[in-house]
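The values are calculated or read from the model by the stated rules, or taken from the named source; none is laboratory data. It should be emphasised that the depicted structure is a prediction, and the values quoted were computed from it without experimental measurement. Here the Cβ positions follow ideal geometry from the backbone for every residue, glycine too, while neighbour counts run over all protein chains shown.
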Amino acid sequence: MTSDLLDLEHFLPYRLSVLSNRISQDIASLYAERFNLGITEWRIIAILGRYPDLSANEVAERTAMDKVAVSRAVASLLKQKRLKRKFDKNDLRRSVLSLSASGEKIYSQVAPLARQLQNALLADFDDKERVLLNLLLDKLAVAELSVHV
């Protein structure tokens with residue numbers, strides 16, 4: 001029987017994925033209700049709120065999201081006039097995205113909600129645990145994932 005080859009309940013990539021999906025779905029339902037935003041759209045607004053004037057490819061890289069999903073969400077946000085697109089002054093082949101006035105308004109309303117959700121997630125953590133969690137997440141983010149067969 002091969003079912004015991006991988007104990008999913010203790011397999012870190014699986015646990016991180018499930019946790020991330022659960023949190024993202026909870027957040028998405030809140031943003032969908034109040035702002036008519038999907039997960040990808042919210043992430044684009046969040047990243048451009050923090051780092052304006054990125055290309056769609058740079059948004060995809062910073063968020064580790066699929067380029068096709070980002071492209072669709074950008075098109076939707078442009079159509080809804082939540083984003084603006086302009087050409088880079090130094091390279092006219094490159095277009096950059098930023099929040100429109102409507103996008104900025106959404107960002108200014110959603111960012112405090114995001115902080116509230118984070119505070120709720122971390123409510124049972126003391127200061128040392130929060131520092132440790134951030135340290136561990138930083139270590140995981142830079143870990144080499146090469147597997148030699």
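Brief remarks follow.
- SER24 vs. criteria farther than 23 Å from VAL142 by Cα and polar (S, T, N, Q): no
- In summary, GLU41 fulfils each of the numbered conditions (1) buried (at least 17 other Cβ atoms within 10 Å of the Cβ); (2) in contact with a Gly (Cβ under 8 Å, 6 or more places away or on another chain); (3) of a type in the set (D, E, K, R) with the single exception of condition (2).
- Among residues of the range 119-136 that are more than 23 Å from ILE27 (Cβ to Cβ), those with a beta-carbon under 9 Å from a residue that is of a type in the set (Phe, Trp, Tyr) at least six positions away or on a different chain give the pairs LEU132/PHE125.
- Among the residues making up the range 37-54, none is among the polar types (S, T, N, Q) and modelled with pLDDT under 90.
- Residues within the range 120-134 that are part of a helix (DSSP H, G or I) and surrounded by 10 or more Cβ atoms within 10 Å (Cβ to Cβ), tallied: 8
- Long-range neighbours under 6 Å by Cβ, at least six apart or interchain, first residue farther than 12 Å from ILE106 by Cβ within the range 32-45, second modelled with pLDDT of 90 or more and in a helix (DSSP H, G or I): THR40/ALA69; THR40/ALA73
- Among the residues of the range 1-33, just one is surrounded by fewer than 11 Cβ atoms within 10 Å (Cβ to Cβ), modelled with pLDDT of 85 or more and among the small types (Gly, Ala, Ser), namely SER20.
Rundown of residues vs (1) within 22 Å of LEU99 (Cβ to Cβ); (2) in contact with a strand residue (DSSP E or B) (Cβ under 9 Å, 6 or more places away or on another chain), yes/no style:
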residue: PHE11; (1), (2): no, no
residue: SER20; (1), (2): no, no
residue: ILE27; (1), (2): yes, no
residue: ILE39; (1), (2): yes, no
residue: GLU58; (1), (2): yes, yes
residue: ARG62; (1), (2): yes, yes
residue: ALA73; (1), (2): yes, no
residue: LEU83; (1), (2): yes, yes
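- Of all the listed residues (LYS79, LYS128, LYS67), the sole one being modelled with pLDDT of 95 or more, closer than 22 Å to ALA141 by Cα and out of contact with any Lys or Arg (no Cβ under 6 Å at 6 or more places or on another chain) is LYS128.
- Scope the range 62-88; condition within 13 Å of the chain's Cα centre (by Cα) and surrounded by 14 or more Cβ atoms within 10 Å (Cβ to Cβ); matching residues: ARG62, THR63, MET65, ALA69, VAL70, ALA73
- Residues being hydrophobic (A, V, I, L, M, F, W, C), surrounded by 14 or more Cβ atoms within 10 Å (Cβ to Cβ) and either in a helix (DSSP H, G or I) or without any contact (Cβ under 8 Å) to a residue 40 or more places away in the chain (or both) - total across the range 89-110: 2
- Lone qualifier among ALA60, ALA141, ALA64, ALA114 - being touching a residue at least 12 places away in the same chain (Cβ under 8 Å) and under 23 Å from SER20 (Cα atoms): ALA114
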